[in-house]
Amino acid sequence: MRGHLPAGDDGVMDQEPALYTIRINGHLGATLLSAFPVMAARADGAHTVLTGPLDRSALYGVLAEVEALGLDLLEVRQLTPGCEPPESGGALPP
């Protein structure tokens, strides 16, 4: 897995949601995508890229769901403010 996860729990409440991209190996169908309702999905070659605003709790929830579903997590990346997610690949069907 590439990318950096936020620092560990420091005992404070979640910060404002930040925009994250999560790259998963393979193409996810509608049933698997329903596990990530706050994330927009798009195909990127042989991968699926999920993008959406997540606070720390939601991020760890999504990562736990990825693991529970047995998906191959490739990358987690927090996008900086004003940064648009890369637009390679086509959109996945709803």
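Within the range 57-70, the set of residues being within 12 Å of the chain's Cα centre (by Cα) and not aromatic (Phe, Trp, Tyr) comprises 58, 59, 61, 62, 63, 64, 65, 66. Each residue in the range 12-28 was checked for being open to solvent by 40 Å² or more (accessible area, probe 1.4 Å) and part of a loop (DSSP other than H, G, I, E, B), and 7 of them qualify. Among residues belonging to the range 51-77 that are open to solvent by 60 Å² or more (accessible area, probe 1.4 Å) and assigned to a strand (DSSP E or B), point out the one that is nearest to residue 31 (Cα to Cα). Within the range 51-77, the match that is nearest to residue 31 (Cα to Cα) is 53.
With respect to the conditions (1) of a type outside the set (Phe, Trp, Tyr); (2) surrounded by 14 or more Cβ atoms within 10 Å (Cβ to Cβ); (3) at pLDDT below 95, residue 48 lacks only one, and its number is (3). Annotation note: Cβ proximity below 7 Å between a residue of the range 53-82 that is under 18 Å from residue 18 (Cβ atoms) and of a type outside the set (Gly, Ala, Ser) and a residue that is open to solvent by 50 Å² or more (accessible area, probe 1.4 Å) and part of a strand (DSSP E or B) (sequence gap 6+ or interchain) occurs for 53/19; 75/2; 79/19. Cβ separations smaller than 8 Å between residues 6+ apart or across chains give the following pairs from the range 29-43 residues that are under 16 Å from residue 58 (Cβ atoms) to residues that are part of a helix (DSSP H, G or I) and open to solvent by 60 Å² or more (accessible area, probe 1.4 Å): 35/65; 36/65.
Residue check: is residue 43 farther than 12 Å from residue 22 by Cβ, surrounded by 15 or more Cβ atoms within 10 Å (Cβ to Cβ) and not charged (D, E, K, R)?
So residue 43 passes the test.
The values are calculated or read from the model by the stated rules, or taken from the named source; none is laboratory data. Being a predicted model, the structure only gives us computed values, none of them experimental. As a convention, Cβ positions derive from the backbone with ideal geometry for all residues, glycine included, and neighbour counts pool all protein chains shown. The accessibility values were calculated without ligands, DNA or RNA, using every heavy atom of the protein model including side chains. Shrake-Rupley method; radii C 1.70, N 1.55, O 1.52, S 1.80 Å.
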